[in-house]
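Only one structure is covered here, and it is reproduced in the block below.
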Amino acid sequence: MSGHRETATAGEYRRLFPDLPEAVFESLAFERLAPEEMRARATEGFAELDRRRTTRDFSPDAVPRELIELAIKSAGTAPSGAHRQPWTFVAVSDAALKAQIREATESEEHRTYTERMPDEWRRALAPLGTDWVKTHITDAPWVVVLFKHNYEIMEDGSHAKNYYVSESVGIAAGLFIAAVHHMGLATLTHTPNPMRFLSALLARPKNETAVLLFPVGYPADDALVPKIERKSLAEISVWFDTPGYAGAASTAASRSSSCAVATQTEVSAAP
């Protein structure tokens, strides 16, 4: 079933802008679950995501292309500004091309770590054990590079603006990471700095900018991860509960702790 959604101001809005195209709607496919099942799903989902870790140690074991396709399709379900879907995922399994990407990456990263990077940044990264050597690019069977569309190039060569591009692409990236983890693989978010060389190596148009490089594969048998901790719920949330709502009693303490953290200006890398 499809139709037009009526709102209190729809008529006034249409009178002000009569040339706008009509929005067409369809019924939402949704099943309301029992609270117990919702809680069980939420608990299980959190436990699964809490097991996700970022590693730089990958096995060269092959991963079927179908799994990468499904991860990208999952990322493509992300909401986006004006539904422009301003992203392209470039998937690379070709060994020679991965070697080129690694060589160019390490060249740029060497300059970043030894020349461009301020000491504060260098010290922030030290607990993660990173440097300019990027073996994960050639070790992992797949490298997926996420590009954002700063604008769209139309058939006649004109440009069409995209909206909330960074927010949209960030959501898609998160869904990609979650999908990769859910299927039993590992990845990491690598941001070579600068990344302009990726556009040339991967033949991307001028309206696209590389945002993230994801090696994807199985972790190596001897894979290691930094011994670090995630922030607690109290450190990453602020609550304004309805009086009498379940859990409201702990709101004041949570808000006080959270607001204190919110005033900090330092940003830590997530595990």
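The values are calculated or read from the model by the stated rules, or taken from the named source; none is laboratory data. Treat the numbers as computed from the prediction; the structure is a model and nothing was measured. So basically every Cβ, Gly included, is an ideal-geometry build from the backbone, and we count neighbours across all protein chains shown. For the accessible areas, the whole protein counts, side chains as well, though only heavy atoms, and no ligand, DNA or RNA atoms are used. Shrake-Rupley method; radii C 1.70, N 1.55, O 1.52, S 1.80 Å.
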**Request:** Hey, can you tell me all the residues within region 89-119 that are loosely packed, with under 13 Cβ neighbours inside 10 Å and outside any helix (DSSP H, G or I)?
**Result:** 94, 118
**Prompt:** Applying the selection to region 62-88, what residues are open to solvent by 50 Å² or more (accessible area, probe 1.4 Å) and touching a strand residue (DSSP E or B) at 6+ places or on another chain (Cβ under 7 Å)?
**Reply:** 82, 84
**Asked** Do we have residue 193 as within 26 Å of residue 72 (Cα to Cα), modelled with pLDDT of 95 or more and of a type in the set (S, T, N, Q) here?
**Response** no
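Within region 120-148, restricting attention to residues that are in a helix (DSSP H, G or I) and open to solvent by 80 Å² or more (accessible area, probe 1.4 Å), which residue is nearest to residue 229 (Cα to Cα)?
As a first pass, look at region 120-148 and keep what is in a helix (DSSP H, G or I): 120-128, 136-139.
If we keep only those that are open to solvent by 80 Å² or more (accessible area, probe 1.4 Å) as well, we get 120-123, 127.
Values: 120: 20, 121: 19, 122: 19, 123: 17, 127: 11 Å.
So, considering only residues that are in a helix (DSSP H, G or I) and open to solvent by 80 Å² or more (accessible area, probe 1.4 Å), the one nearest to residue 229 (Cα to Cα) is 127.
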**Request:** Kindly indicate which of 188, 202 is in contact with a strand residue (DSSP E or B) (Cβ under 9 Å, 6 or more places away or on another chain), open to solvent by less than 80 Å² (accessible area, probe 1.4 Å), under 30 Å from residue 154 (Cβ atoms) and at pLDDT 90 or above.
**Result:** 202
**Fill in**
Of (1) assigned to a loop (DSSP other than H, G, I, E, B); (2) closer than 30 Å to residue 142 by Cα; (3) basic (Lys, Arg), residue 32 fails just (2)
**Complete:** From the option list 260, 269, 234, single residue qualifying as under 27 Å from residue 128 (Cα atoms), modelled with pLDDT of 95 or more and open to solvent by less than 70 Å² (accessible area, probe 1.4 Å) is 234
